[in-house]
Amino acid sequence: MISILQTALELGLIGSLTVLALFLSYTMLNVCDLSTDGCFTLGAAVGAVVAIAGHPYLSLPAAMCAGVLSGFVTAVLQTKMGIDSLLSGIIVNTGLYSINIAVMGGSSLLNMNKTETVFTALKDALSETAFAGAHKTVVALAAVTLVIVFLALFLRTKLGLAIRATGDNPDMVRSSSINPAFTTIVGLCVSNAFTALSGCLLAQSQKSVSIDIGSGMVTIALASLLIGRAFAPRGGIPIRAVGAVVGAVVFRFVYAVALRFNMPAFMLKLVSSVIVIIAIAGPYLKSRYPELHRRMTHGKEAR
Amino acid sequence: MLTIRRISKTFNPGTVNAKTALRGLSLEVADGDFVSIIGANGAGKSTLFNAIAGSFFTDSGSIVLGGEDITLAPEYVRAKSIGRLFQDPMRGSAPGMTIEENLALAAGRGGWLSHVSKADKAAFRDRLALLGMGLEDRMQQPVGLLSGGQRQALTLMMATINPPKLLLLDEHTAALDPATAEKVLSLTKDIVESNRLTCLMVTHNMQSALDLGNRTLMMDQGDIIYDVAGAEREKLQVSDLLVLFREAAGKNLDNDRMLLS
């Protein structure tokens, strides 16, 4: 059971990088970035190829650069080419499927069983310390911490404020003599770098990449983000970012426990879909309830 | 300061919905002028502001601000030298961000990666205190919690924190209750005077059109039909404006809100 929980923690932490990416694009910039699935796989594929070539540490920045490129294309399509933001995400996602297979050398599966990854490299480094058995968790936790610190600092800069304002009131950004197209591009580049890093780490931790490693990731991350929002509904950026990570870990724990009670593994994506539906539709339906109540009781009052 | 030469704008050209909103309008505004603009619904007052601010490009003509031709400059570039307030108090500030963050964005000091400095915070505080609304003690609260009047006053502060070459006020008190509108209007007057701003103000209130500023324009069908300043303007009453409008436009001023106010 302990090992199951540890795996859940590790998967939650790695996946939370994607959740933090959506925290930036969905919560801050108000763009639902549907290229997330493809970008996640892109990061996994690029990271794996670089690691297999013998550069485990270089694989991380390489994956992030690939993510930046992917985010750049998605952003340019929606800000400069007049393509709807949801549609540009879908288009990039589709295009990335071919690119990802090309990156993996025409194969849809890469194996890293004998490859030196960031995890195996650190496993040796940590073997003498108290963290010996938890090297994967340590790596994931370090990455998550760095990303949260980065976000907390970045979103307080002038550029970060402009990105937040773009999601909040684009008119106001324009009148502050900042081009909202520019802030959207920067925001999506940064968020996709995190998504790709997330994919890269997941691939290396499970020592393989398949072309569908990222499928459904946007819904899973969104579910985690919305669970996280329940933990930290308000407060500063750092608190809400930590909330997002907690959401991702909780999601994985619940999933792990459900698997223990014989829920089939293929149910993961249905569960995440249902969570997203409940989290978004719930507040809406609640706000509609008085009207519904009025409809049902109309004409039945005492005359 | 502002020179507009024969600008025209037709929306939906070549269709049955074609509407010419500006017809070869020319306007010269001197440095430090405070111009009030009145006119019936659809006269082209807001269209004129949109043209100056760059919400769209005009079909012909040129716009020169402070010696710089801005006819084809994008909106966000013009925003460096033009401050603008809309009727809707919600349009000028980001509701999910704090007062301090909104002011920091409007001030736009420092490079892209700079944080708000202590000196800036102190300066924001002093500025907010001038509004007399107690906002200086609420700098860490989200702007969404403010009332319409407070938000419009904050927007006014944001638009003028770096004194712009030109301030455009598009019925910026019309959505506020009378007492708040009065307050925001007097703040406007103070800020415009103390910064010696050049300002154009659209208003539906004929009395404030005459009370505020040093020049009044009347617009109809996309052009300026009457332009008055100086001693002649001093003598004008609201009733005179109605008569003048009828003479210049050949019809009654039919802005319902004007007649009611």
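Of all beta bridges DSSP finds with both residues in the protein assembly as shown, what is the antiparallel percent, to the nearest 5?
Roughly 55 percent of the DSSP beta bridges within the protein assembly as shown come out antiparallel.
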Taking chain A as a Gaussian network, Cα atoms linked when under 10 Å apart, which of A:GLY228, A:GLY214, A:GLY236 shows the biggest mean-square fluctuation?
A:GLY236
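Counting only helical runs of four or more DSSP H residues, what would the 222 nm mean residue ellipticity of chain A come to if each run contributes -39,500 (n - 2.57) and the total is spread over all its residues? Working shown, then result.
Numbers: 12 runs with 221 residues, N = 303.
One gets -25000 deg cm²/dmol as the mean residue ellipticity at 222 nm.
What is the packing order of peptides A:218-226, A:101-109, A:42-50, A:83-91, taking the mean over residues of other C-beta atoms within 10 Å and listing the highest first?
Values: A:218-226: 25.8, A:101-109: 13.1, A:42-50: 28.1, A:83-91: 17.8.
The peptides rank, most packed first, as A:42-50, A:218-226, A:83-91, A:101-109.
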³J(HN,Hα), Karplus 6.51/-1.76/1.60, whole Hz, each residue of segment B:135-145, x for Gly, Pro:
5, 5, 9, 10, 4, 8, 8, x, 5, x, 7
Of the candidates B:PHE245, A:ILE178, A:ILE239, the farthest towards the positive dipole end of the protein assembly as shown (Lys/Arg Cβ +1, Asp/Glu Cβ -1, centred on the Cα centre) is A:ILE239
Exercise: per-residue mean of other protein chain Cβ atoms within 10 Å, B:49-55:
1
Reciprocal mean inverse distance between Cα atoms of chain A - Kirkwood radius, Å
20.2
In square nanometres and to one decimal, what's the mean projected area of the convex hull around the Cα atoms of segment B:94-162?
4.3
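Express the Stokes-Einstein translational diffusion coefficient of the protein assembly as shown in µm² s⁻¹, to the nearest whole number, given a Kirkwood radius over alpha-carbon pairs, 20 °C and a viscosity of 1.002 mPa s. Kindly include the intermediate steps, with their values, before the conclusion.
Values: Rh = 26.9 Å.
Value of D from the Cα-based Kirkwood radius: 80 µm²/s.
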Compute, for segment A:121-175, the length of the dipole vector about the Cα centre, with Cβ point charges of +1 (Lys, Arg) and -1 (Asp, Glu) only. Units Debye, rounded to 20.
180
Take every residue in peptide B:72-78, count the Cβ atoms of other chains within 10 Å of its Cβ, and give the average of those counts.
4
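Compute the projected area of the convex hull of the Cα atoms of segment B:31-82, averaged over all viewing directions, and report it in nm² to one decimal place. The partial results should precede the final answer.
Numbers: hull surface 16.9 nm².
Across all orientations, segment B:31-82 yields a mean hull projection of 4.2 nm².
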Output ordering of A:287-296, A:136-145 (per-residue mean of other Cβ within 10 Å, highest first) is A:136-145, A:287-296
Per the charge dipole of chain A (beta-carbon charges, Lys/Arg positive, Asp/Glu negative, Cα centre), the residue among A:ILE213, A:ALA258, A:GLY47 reaching farthest to the positive end is A:ALA258
Segment B:151-261: Kirkwood hydrodynamic radius (Cα pairs, Å) comes out at 15.1
Against the 2.2 N^0.38 Å scaling, with N counting residues, where does chain B land? I'd like the Cα-based Rg ratio to two decimal places.
1.04
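What do you get for trypsin sites (Lys or Arg not before Pro) in segment A:157-238 restricted to DSSP loop and a cutoff of at most 13 other Cβ within 10 Å of the site's Cβ? Mind showing how you got there, number by number?
Working: sites: A:LYS158, A:ARG164, A:ARG174, A:LYS207, A:ARG229, A:ARG234; in loops: A:LYS207, A:ARG234.
Answer in residue order: A:ARG234.
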Treating only Lys and Arg (+1) and Asp and Glu (-1) as charged, each at its beta carbon, one finds that the protein assembly as shown has a dipole about its Cα centre, in Debye to the nearest 20, of 1320
How would you order B:141-153, A:255-267 from highest to lowest mean count of nearby Cβ atoms within 10 Å?
B:141-153, A:255-267
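Which shape class applies to segment A:213-293: rounded if a/c is under 1.5, otherwise prolate when a/b exceeds b/c and oblate if not, where a ≥ b ≥ c are the square roots of the Cα gyration tensor eigenvalues? Please report the intermediate quantities before stating the final value.
Working: a/c = 2.11, a/b = 1.23, b/c = 1.71.
Taking the square roots of the gyration eigenvalues as a ≥ b ≥ c, segment A:213-293 is oblate.
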Average beta-carbon neighbours from other chains, 10 Å sphere, peptide A:149-161
4
Quick one: net charge around B:LEU131, please, counting Lys, Arg +1 and Asp, Glu -1 for every other residue with C-beta under 15 Å from its C-beta.
0
Quick query: amide H of B:THR198 versus all other amide H atoms, modeled in the peptide plane; which residues come in under 5 Å with a sequence gap of 5 or more or a different chain?
B:GLY32, B:LEU167
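Quick note: the coordinates plus some simple rules give every number you see, no bench work behind them. Please read all numbers here as calculations on a predicted model, not as lab measurements. Neighbour counts are summed over all protein chains in view; Cβ atoms, including those assigned to glycine, are modelled from backbone coordinates with ideal geometry.
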